[in-house]
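The structure under discussion appears below in the form of structure tokens.
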Amino acid sequence: MLGLIGVLATFAWMVAPAGSQVGSDDIAGTATRGGEPIDEVLVDLFAGTADGERVRWLGSTTTGTDGPGTYRFDTAAFDHDGPCWVVTFVADGLERFENRSRWLNRTVCPEPGQAADGIDAVQIDRSAVGTYTGGVRDVAVPLADVQIDLFTAQADGTRGAWVYATTTDADGDFRLVADPGCYVITYIAPAGRGWVESQSRWLNVPWCATTGFRSTPAKVVIGSSIGPGVLLGQVLDDGLGVADVTADLFDGQRRYVWSQTTDANGWVRFELEQTCYKVTFIAPTGRTFEDSGTGYTDRYPCTRFGQETTMVPAVLTPVEE
């Protein structure tokens, strides 16, 4: 089968011209797009009736097995006395034929001793679906392999059922095809990165697909080059920074992540994903913090991509003289 990206790489029609008869036992044809042969199109053969009903599946092939874009069935190899056969062409992905379906049937009923021709032209009808083209850039540099997910849209515009996913190509571009209706497109930034628009690793974009050759113009989403969030904290004693104080970092589920110690000016610095954390400062031996009255004090900051978040200073209780 053609991959979805291959199918969508060009705005052209896919055509299977009238069937040809090479021998009395052969049903054959060729699939083309824009006049050029195209391979790996699935073609099924069924025992059929004169009114086009498929009675029993007999076999499958793909175009390209008997020459560029060409398929062929040797009917003598199948247990069917005729007189009718049904050839089913299968469109790839979410594309549709002129009958608004992924499947298009053609019936062949040769008279005894005559060629089994008469397969009508088969073509992909792009007016039956909506197309969305987009791209991902980090400033001006295209980003490849960025995941793009397509979801149905619920009445309130939020994401519903997942439909399918694709990734950006080497040029940072992608294309989605869908039946008419409203959707949510989710862009997922690489790990540790975010989007300028959402200040998050995830960016949701609404899209209502309508039928037509080019239903939606291209949209370029600018990737964030602003880096991770920065979390700052300081430990003070009588207004001066205190060095070598331990600060333990925990995630939103209160699981330990890692530790830092304050520098010569009492500052500690974490570079983090955008989310909320817990930071526990541990006072030097024999000392306590003013706000807790103990040797420990906690902070519950939340970070944002590309921004510095400074916690309320942890102030040590003055030493009694």
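Would you check if VAL196 is farther than 30 Å from VAL315 by Cβ and modelled with pLDDT of 85 or more?
So VAL196 does not fit the description; no.
State which residue is modelled with the highest pLDDT when the search covers only segment 199-220 and only residues that are surrounded by 16 or more Cβ atoms within 10 Å (Cβ to Cβ), assigned to a strand (DSSP E or B) and touching a Cys at 6+ places or on another chain (Cβ under 9 Å).
TRP207
Give segment 225-242 a look and list any residue that's modelled with pLDDT of 90 or more and either on the phi > 0 side of the Ramachandran plot or loosely packed, with under 13 Cβ neighbours inside 10 Å (or both), or say none.
ASP238, GLY239, LEU240
Go through (1) modelled with pLDDT under 95; (2) surrounded by 16 or more Cβ atoms within 10 Å (Cβ to Cβ); (3) part of a strand (DSSP E or B) and name the single condition ARG269 misses.
The one condition ARG269 does not meet is (2).
Among the numbered criteria (1) in a strand (DSSP E or B); (2) loosely packed, with under 13 Cβ neighbours inside 10 Å, which one does THR280 miss?
Status for THR280: all satisfied but (2).
List every residue pair whose Cβ atoms sit under 9 Å apart, with the two residues 6 or more apart in sequence or on different chains, where the first one lies in segment 171-198 and is closer than 13 Å to LEU143 by Cβ and the second, anywhere, is in a strand (DSSP E or B) and among the polar types (S, T, N, Q).
Pairs that qualify, where the first residue is closer than 13 Å to LEU143 by Cβ and the partner is in a strand (DSSP E or B) and among the polar types (S, T, N, Q), are ASP173/THR133; PHE174/THR133; PHE174/THR166; PHE174/THR167; TYR187/GLN147; TYR187/ASN204; ILE188/GLN147.
Of everything in segment 283-298, what is touching a strand residue (DSSP E or B) at 6+ places or on another chain (Cβ under 9 Å) and either surrounded by fewer than 18 Cβ atoms within 10 Å (Cβ to Cβ) or at pLDDT below 90 (or both)? Give them in sequence order.
Step one: of segment 283-298, the residues touching a strand residue (DSSP E or B) at 6+ places or on another chain (Cβ under 9 Å) are 283-284, 287-292, 295-298.
PRO284, ARG287, THR288, GLU290, ASP291, SER292, GLY295, TYR296, ASP298, listed by residue number.
Quick check: anything in segment 55-64 buried (at least 17 other Cβ atoms within 10 Å of the Cβ), in contact (Cβ under 8 Å) with a residue 12 or more places away in the chain and among the charged types (D, E, K, R)?
The answer is no; no qualifying residue exists.
Test VAL257 against the stated conditions and say whether it is outside any loop (DSSP other than H, G, I, E, B) and touching a residue at least 40 places away in the same chain (Cβ under 8 Å).
No; evaluated as a whole, the condition is false for this residue.
The values are calculated or read from the model by the stated rules, or taken from the named source; none is laboratory data. For clarity, every value in this text was computed on a predicted model and none was experimentally measured. Neighbour counts are summed over all protein chains in view; Cβ atoms, including those assigned to glycine, are modelled from backbone coordinates with ideal geometry.
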